[in-house]
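Data first, discussion second: the structure below is written as structure tokens.
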Amino acid sequence: MASIIHSQANIAREYILSYTMDTGKVMIDQDLGCAPNGSDAICDTPQEIVANMENWRQPNDAPSLFVNTDSNPAPLPRSFSADVDSLQDLSIRVRDPMLSLPLLFCALLIIALVTLRKLCYKQKQPNMFLASTKLPPCTVPPHFIYGHIPHVNAPPESAKFRSVFVDHANASGISTFWFMNTPCVSVLKAEHVRTCFRNSIERPGNTSFAKHFKKCIGEESILMMEGGKMDREKWRHHRNLIKSGFTKKSVDNMANKVWEMANNIASSILRECAKNNSDANQGDNNTYRADGEDIFKWVTLDVFGKVALNYSFGCTDTLSTTPLAHSLNYTVEDSSARMKVANLLNPLFQFYWFPTRRNRDYKYHSQNVHGLIREICRQRVKEIEDQNNGLGGSSNDGAGDADHGVSKNGDLLTSLLKSKMQSQDTKLDDDSHGETIQMLMTLFFAGYDTSSILLSMAMWSIATNPAIQQECSEEAKRASSTISSSPPLNNCSVEQKKSLHEDSSQWESRLAYCQAVILETSRLHPPVYSNCRAFDKDVKMDGSTIPRRTRVYLPIALIHADERNFARPTEFLPERWVRRDPITREWIPRDYETEEPKQFVDDDPTYLPPGNPRNLFIFSDGARKCPGYRLALQESTVIFACIVRDLTVDVREGFVMQKRKKFALAPPVEMPLIFRKRE
């Protein structure tokens, strides 16, 4: 005896049709009836069913099953094409009882989720830490699964983001929240932030997010290493190799290449403005319109190519993304897309082995990028070996000295390869280039989006502050020409200042106000708006105790906007970083440690205290501080200065700047910039 379960989507019942193969008789439960096609008769007994079987010998005449009800018989779909002489030919769909397990599983899953929801709500109490820690409770209701992740992922200017980290913080700026089922702490005071950065290098990661970064930039990237006991030594080894290429001397040697790319982007925009001016059909003459993030991604790509690889991607020449630059950009953007919360449960985004268009494109572009860097690595190794053989095994070009810096005609890749060859005291084969590729991808990944976001926000800041823009332009023009210190003091010899065209390494002293604009932009609009740490031991902060292994969240955007860290924190004031020299009337950096406020109060009643650079955490702090921060600041300042020197910058009329979430970054939703040739 076999059981055949037949169901219909619109009938929530099961009907059983049983038969015996040995007798060849069909037996149907008494509550079932069947009738031939086109017949309205309903058979209520097995005898009537058998009597009518002869009418259903043809497959096309397969019966329809009905169930008797008080009102109308409910039809069931056709179950078999009957051949009475050979019941083995019945095309009855036999369902194994195991096939009902999915329904049972779904029911159990619903029960489990409801139970989990109740348990999670019960677990996520406001007082998530012991009373002895004196940590404040969190009164913001958490999501039963994600906790306060929706608040953490909100734009930094939003009320939702501030509700957890500001509105419910105690007097010391400490607050608590749930990261899924993990209790976390947040701090706002700069001294607490420094304590976190300088007492711990461990940065807790998230497996769901980290796997995509690792796929993009490498398993052994220092960005992906948490800095715990398992990978601390490896992290230090990689950091020391990278840090050797970013000494002050090295960065000064990179300035000429950065200046070249900055002038190139300004010249290309001027060329487009002139082209539009000569076009009779152009409605808006003598202008060039583009999204700010796109423009500054192009120039950032070219700077990376020149400084790191001595390779030109050609984006600033064409004001477009070249094919190879597109591949480099695609690998970064694809990783960001896969980490969106909406895609975390989508297997087509999470697994790279699915034969999807996205995965094929990622593989193609990733191979393009890695193939290029690997080929350049082979060329550099050969050049270094030829050079060492020609010089008797020594190098005097400045890249192999104690600084391991980048020579004036070299690049960062050469510096990294020489450092590895000296530390390992061996030749580098093709297999060893994987580590170097990961280091370069790490540098690109860390500086690509951040620099373009920072420059976009700087342009928006001066577009809405014309007086500041004019001051930047005048300083940039002076820096591009050779000048003398005027007036000379005590009949001393006049100090000659070369233009940045002649010596770009003077950028920091010649572009003090432009650098102040970049610093102030990074304070109000930090590209990376959050960070985190975990301690190996209990840490006390203003009477509160943060237990060991607790994730400490650092909302950089809110820290910079806290009045305990900066005076008049919500105002855009570059003057907090610079002041005018009383003799030369040029802008010079302010010294937070030595400047005495009272000596300026009489001259300026609206005295603004100098900003404390130690309270600026755009590049993190402590052992995990960005090793390339000098280059990032130089790059942003020089590019900014070259553009405002030659062009006026404006935004579309009525434009309201809004930010979006991109992992730990906060880029603008759009940045419609309008460039015009400066008269």
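Summary of values
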{"quantity": "Where a residue in region 608-623 is among the basic types (Lys, Arg) and its partner, wherever it lies, is assigned to a loop (DSSP other than H, G, I, E, B) and open to solvent by 40 Å² or more (accessible area, probe 1.4 Å), with Cβ under 8 Å and at least six apart", "calculated": "Arg614/Tyr592"}
{"quantity": "Failed item in (1) under 29 Å from Glu508 (Cβ atoms); (2) open to solvent by 50 Å² or more (accessible area, probe 1.4 Å); (3) touching a helix residue (DSSP H, G or I) at 6+ places or on another chain (Cβ under 6 Å), with Val251 passing the rest", "calculated": "(2)"}
{"quantity": "Residue under evaluation Trp353, criteria (1) modelled with pLDDT under 85; (2) surrounded by fewer than 15 Cβ atoms within 10 Å (Cβ to Cβ); (3) not aliphatic (A, V, I, L, M), criterion not met", "calculated": "(1)"}
{"quantity": "Asn359, sole failed condition from (1) of a type outside the set (Ser, Thr, Tyr); (2) part of a helix (DSSP H, G or I); (3) open to solvent by 20 Å² or more (accessible area, probe 1.4 Å); (4) modelled with pLDDT of 85 or more", "calculated": "(3)"}
{"quantity": "Residue within region 377-395 that is under 30 Å from Leu665 (Cα atoms) and modelled with pLDDT of 85 or more present", "calculated": "no"}
{"quantity": "Meets criteria (touching a Pro at 6+ places or on another chain (Cβ under 7 Å) and either surrounded by fewer than 18 Cβ atoms within 10 Å (Cβ to Cβ) or among the aromatic types (Phe, Trp, Tyr) (or both)) for Asp291", "calculated": "yes"}
{"quantity": "Candidate set: region 442-453, residues that are crowded, with 23+ Cβ neighbours inside 10 Å and among the aliphatic types (A, V, I, L, M); chosen: the one farthest from Ser221 (Cα to Cα)", "calculated": "Ile453"}
{"quantity": "Condition met for Asn343 (touching a helix residue (DSSP H, G or I) at 6+ places or on another chain (Cβ under 9 Å), modelled with pLDDT under 90 and crowded, with 17+ Cβ neighbours inside 10 Å)", "calculated": "no"}
{"quantity": "Filtered residues of region 335-349 (kept if free of Cβ contacts under 8 Å to residues at least 40 places away in the same chain and assigned to a helix (DSSP H, G or I))", "calculated": "Ala337, Ala342, Asn343, Pro347, Leu348, Phe349"}
{"quantity": "Enumeration of residues in region 308-339 that are touching a strand residue (DSSP E or B) at 6+ places or on another chain (Cβ under 8 Å) and either open to solvent by 30 Å² or more (accessible area, probe 1.4 Å) or modelled with pLDDT under 90 (or both)", "calculated": "Ser336"}
{"quantity": "Members of region 587-598 found to be among the charged types (D, E, K, R) and surrounded by 12 or more Cβ atoms within 10 Å (Cβ to Cβ), listed by number", "calculated": "Arg590, Glu595"}
{"quantity": "Members of region 172-208 found to be crowded, with 17+ Cβ neighbours inside 10 Å and farther than 27 Å from Ala131 by Cα, listed by number", "calculated": "Ile201, Gly205"}
{"quantity": "Flag if Asp621 is within 22 Å of the chain's Cα centre (by Cα) and either charged (D, E, K, R) or open to solvent by 70 Å² or more (accessible area, probe 1.4 Å) (or both)", "calculated": "yes"}
{"quantity": "Leading residue by the ranking (farthest from the chain's Cα centre (by Cα)) among those in region 189-241 that are assigned to a loop (DSSP other than H, G, I, E, B), polar (S, T, N, Q) and modelled with pLDDT of 80 or more", "calculated": "Ser200"}
{"quantity": "Pick from region 148-171, criterion open to solvent by less than 50 Å² (accessible area, probe 1.4 Å) and aliphatic (A, V, I, L, M), ranking: farthest from Arg523 (Cα to Cα)", "calculated": "Ile149"}
{"quantity": "Unmet requirement for Asp411, which otherwise passes all of (1) touching a Lys or Arg at 6+ places or on another chain (Cβ under 8 Å); (2) open to solvent by 40 Å² or more (accessible area, probe 1.4 Å); (3) among the charged types (D, E, K, R); (4) modelled with pLDDT of 80 or more", "calculated": "(2)"}
{"quantity": "Pairs, first in contact (Cβ under 8 Å) with a residue 60 or more places away in the chain in region 354-367, second not hydrophobic (A, V, I, L, M, F, W, C), C-beta under 8 Å, six or more apart", "calculated": "Ser366/Ser327; Ser366/Thr331"}
{"quantity": "Thr637 vs. criteria under 25 Å from Gln470 (Cβ atoms), buried (at least 22 other Cβ atoms within 10 Å of the Cβ) and among the hydroxyl-bearing types (Ser, Thr, Tyr)", "calculated": "yes"}
{"quantity": "For Lys215: the one exception among (1) open to solvent by 20 Å² or more (accessible area, probe 1.4 Å); (2) without any contact (Cβ under 8 Å) to a residue 60 or more places away in the chain", "calculated": "(2)"}
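The values are calculated or read from the model by the stated rules, or taken from the named source; none is laboratory data. All values reported here derive from a predicted model rather than from experimental measurement. Cβ: placed from backbone, ideal geometry, glycine included. Neighbour counts: every protein chain shown. The protein model used for the area step is the full one, side chains on, heavy atoms only, and it has no ligands, DNA or RNA in it. Shrake-Rupley method; radii C 1.70, N 1.55, O 1.52, S 1.80 Å.
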